[in-house]
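The values are calculated or read from the model by the stated rules, or taken from the named source; none is laboratory data. The model shown is predicted, which means the values in this text are computed figures rather than measured ones. Don't worry about glycine lacking a Cβ; one is built from the backbone with ideal geometry, like all the others, and counts go over all protein chains shown. What goes into the accessible areas is simple: the full protein's heavy atoms, side chains included, and nothing from ligands, DNA or RNA. Shrake-Rupley method; radii C 1.70, N 1.55, O 1.52, S 1.80 Å.
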Amino acid sequence: MKISADTLIADLTDRTQRCLSKGEEFNNLTGKALNFKQDELSWSALECLEHLNLYGRFYLPEIAKRIKSADPKNQELFKSGWLGNYFANSMLPKEKLNKMKTFKNMNPLNSRLNKDQVIHEFLQQQEEMLRLLNEARRIDLNKTKTNISISKWIKLKLGDTFRFVIFHNQRHLIQAEKVLGIQN
């Protein structure tokens, strides 16, 4: 995939703003509604948000650190890496979401969650993502690399990391809406 870096950041900013809006909508729901589960092995809407918070706790500081030490932008075009493109595309929301197994340390199943804390953190993370996307306008999304949560030996281009995390957020917000019976 090749795309103007500015176009990519604009698209990801729009997606993140929509995630932020959804989080604000969830804030208006009751704890009972947000903790509803279809069965013992499925996540509640609040567990979907906590799952995103767990990933955000890794990726947001990682992205911030890499932006801080990045070289100034000298490429106008972002060219996705094959692995980064694969990871990002696997997270893209589809009509029928395919089930994926999550890593144990990122699985909030049956956690005791406080609605206000979980949603507050989610909203803060979306605001931080918007700030980082804005900062990323000045750096090279191709040359700047980030670690990933599953392996310290694999690095992705920053543009692919942004795509992966933001698509992942969208995916699980759709999952949360389905649990709540909300049509998107």
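If you stretched the chain out fully between K94 and A10, how much longer would it get, using 0.36 nm times the residue separation minus the C-alpha to C-alpha distance?
Residue separation times 0.36 nm, minus the Cα-Cα distance, leaves 28.1 nm.
Which entry in (i) 44, 33, 32; (ii) 50, 29, 28; (iii) 103, 42, 27 matches Cα extents along the principal axes in Å derived from the coordinates of this structure?
Checking each listed value against the structure points to (ii).
Averaging over all projection directions, find the projected area of the Cα convex hull of the range 1-72 and quote it in nm² with one decimal place.
Spelled out: convex hull of the Cα atoms, projected over all directions, averaged, 7.2 nm².
Go through Q125, N114, I150 and say which Cα lies farthest out towards the positive end of the charge dipole of the chain; charges sit on Cβ, +1 for Lys and Arg, -1 for Asp and Glu.
Selected residue: I150.
Take the alpha-carbon centre of the range 122-176, take the same for the range 19-72, and report the distance between them in whole Å.
13 Å
With all protein chains present, how much of the accessible area of the chain (probe radius 1.4 Å) comes from carbon and sulfur, to the nearest whole percent?
C and S fraction of accessible area: 52 percent.
Which order, highest average first, do 146-158, 68-80, 50-62 follow once you tally other Cβ atoms within 10 Å for each residue and take the mean per peptide?
For the peptides 146-158, 68-80, 50-62, the packing ranking is 50-62, 146-158, 68-80.
If you count only protein heavy atoms with a 1.4 Å probe, what accessible area per residue comes out for the chain, rounded to a whole Å²?
Each residue of the chain exposes 55 Å² on average to a 1.4 Å probe.
Using θ = phi - 60° and the Karplus curve 6.51 cos²θ - 1.76 cosθ + 1.60, what whole-Hz ³J(HN,Hα) does each residue of the range 18-32 get, with Gly and Pro shown as x?
Per-residue couplings from phi come out as 5, 5, 4, 4, 5, x, 5, 5, 4, 4, 7, 8, 6, x, 4 Hz.
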